[in-house]
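Here the structure comes first, spelled out in structure tokens, and everything after it is commentary.
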Amino acid sequence: MTVVTRFAPSPTGRLHVGNIRTALHNCLFARRNGGTFILRIDDTDRERSTAEFDAAIRDDLEWLGLTPDLIVRQSERFDLYGREFERLREAGRVYACYETAEELELRRKVLLGRGLPPVYERKAADTPAPQGRKPHWRFRLDHDQAIVWNDLIRGEQRFDPKLLSDPVVRREDGSWLYLLPSVIDDVDLGITQIVRGEDHVSNSATQIQMFDALGATPPEFAHEALLVAAEGKLSKRLGSYGAEHLREEGVEPMALLSVLARIGTSQPVEPIASLDQLAESFDFSTFGRAPAHFDPHEVELVNARLLHTLDFSVVAGRLPQGATEEDWRLLRPNLVRLADFAGWYAVLDGDIEPPSLSHDERLLVKDAAAIAEQLDWSAEPWRALSEQLKQSTGKKGRELFHPLRLALTGRESGPEMAGLIQRMGKDRAVERLSAAAKR
């Protein structure tokens, strides 16, 4: 069987980490099994769906490397939905209903007040339609057999259909709700596995009967625990941690994906350089049932660790013009984001503002400038400079090294000074030490 998965966002907002995680898991499962990953834009809500968000979702997936093999839009498939709807109506599996929202809410409260489940109560087939009302349409669940499936994450799932309401599948104005068009698409596109959040478990129970009513074998389901943060369940309303924000912050896509692929599983979170590597270890049997806790700080840590492993060839096109592989190897151990490289590259090749030093520190760097002027720069200039300065001043440790780093780089911390001073060269080092001594 060829594996076919799908990611089905609505174009009503930008991607956030919760639905990026869903897209990633669908993509990884397909990739591991040599299958197909489909992007289905669920744009049946004509009022809230926009072309701008449609384009943004596709752009974000492209940036993340989660490029779909096929893109379909529900707004282009209404004829198919209409044909299948008529087939179900003729078979008695969808039926007209006329209650208003107020009437349904009142009945729900009555049932709850009696200690009964608030399940929709079907009307008799010969109940006359209220004059002047257009119907909405419900799918008729089969109450005679339990709904059972083996979830790839949650194990056996069992629902009593008598405790489920017949779901509304089409509104009075003819527009579609989510459940039925999604099943029709899954049948038409040959979806073999559906990976989504555990908040869809009851939807899956209903949809399994829809697959059966359409004469199709239901796909396998994998309902993963929801992604949570300190604020609780992540949603579009939380907003700040989405693809747009991450791109602006300079987070590497694979750093985010490395975290989202492993949180909530028994596998360690670690920087992984490619989707193919992530796919090799992707396994639903490692997924737990507890909520997956997402920590933005963890993404930052993984981002730094990932950068420290990347080869120059991977990043060369994103570095300042003139940067060499030697520069990359020298600076990458100190990077948190790739954008940090430009600032450190200026330390190597550009001008810096002389720092403000104390009187004693200025005397120290003045001595350092004189020593540096006499050194053989082809050997180990940092070692020679610090040893001679230690002997001449009696200073050591932070008292010795901190003012030297400030004078030479303008920064409190950074990469090893031995490599920096060798790379910046004798003339620039002497010039900076002399400038700091005079400030």
*Determine, for each peptide in 4-10, 374-380, 148-154, 350-356, the mean count of other beta carbons within 10 angstrom over its residues, then list the peptides with the highest first.*
4-10, 148-154, 350-356, 374-380
*Using 1/(1 + (r/R0)^6) with R0 = 30 angstrom and r between the beta carbons of residue 438 and residue 337, what's the FRET efficiency to the nearest 0.05?*
0.30
*asked:* What number comes out for accessible area per residue over segment 158-311 if the probe is 1.4 Å? Units Å², please.
replied: 42
*Taking H as built 1.01 Å from N, whose amide H comes closer than 5 Å to the amide H of residue 36, not counting residues under 5 places away?*
3, 4, 5
*Ignoring ligands, DNA and RNA, what percent of the accessible area of segment 313-439 is carbon or sulfur (1.4 Å)?*
46
*Contour minus end-to-end for residue 55 and residue 173, with contour as 0.36 nm per residue of separation and end-to-end as the Cα-Cα distance?*
39.7 nm
_Length added when fully stretched, residue 76-residue 103, from 0.36 nm per residue minus Cα-Cα_ = 6.3 nm
_Using a probe radius of 1.4 Å on heavy atoms only, what accessible surface per residue do you get for segment 1-126? Whole Å² is fine._
51
*Just subtract the alpha-carbon distance of residue 356 and residue 245 from 0.36 nm times their residue separation and send over the number in nm, one decimal.*
36.4 nm
*Cα→Cβ-extended label distance, 7 Å offset, between residue 144 and residue 285, nm*: 3.8
_Cα-based Lys proximity count in the chain, under 20 Å, for pairs eight or more positions apart or on separate chains_ = 11
*Counting only protein heavy atoms and using a 1.4 Å probe, what share of the accessible area of segment 32-93 belongs to carbon plus sulfur, as a whole percent?*
42
*Can you give the FRET efficiency for residue 32 and residue 156, using 1/(1 + (r/R0)^6), R0 = 30 Å, r = Cβ-Cβ distance, to the nearest 0.05?*
0.80
*asked:* Just to be sure I understand the rule: take each whole DSSP H helix in the chain, project its Cα atoms onto its long axis, keep it if the span is 27 Å or more and its mean Kyte-Doolittle hydropathy is at least 0.0. Which ones pass?
replied: none
_Within segment 38-80, name every residue whose backbone N is under 17 Å away from a label modeled 7 Å from Cα of residue 188 along the Cβ vector._
38-46, 70-80
*If amide H atoms are built 1.01 Å from N in the plane of the peptide, which residues on other chains or at least 5 residues away come under 5 Å of the amide H of residue 197?*
224
_Approximate spin-label separation residue 316-residue 413, in nm, with each point projected 7 Å along Cα-to-Cβ_ = 3.2
*Report, by chain and number, residues whose modeled amide H sits under 5 Å from the one on residue 169, excluding near sequence neighbours (fewer than 5 apart, same chain).*
137, 138, 139
*Based on the mean of other beta carbon atoms within 10 Å per residue, what is the order of 57-67, 262-272, most packed first?*
57-67, 262-272
*Provide the packing ranking of 409-415, 164-170, i.e. peptides ordered by the mean count of other C-beta atoms within 10 Å per residue, highest first.*
164-170, 409-415
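The values are calculated or read from the model by the stated rules, or taken from the named source; none is laboratory data. Fair warning: this is a prediction, and the values are worked out from it, not measured in the lab. Backbone-built Cβ (ideal geometry, glycine too); neighbour counts: all protein chains shown. Ligands, DNA and RNA are excluded from the accessible area calculation, which covers all protein heavy atoms including side chains. Shrake-Rupley method; radii C 1.70, N 1.55, O 1.52, S 1.80 Å.
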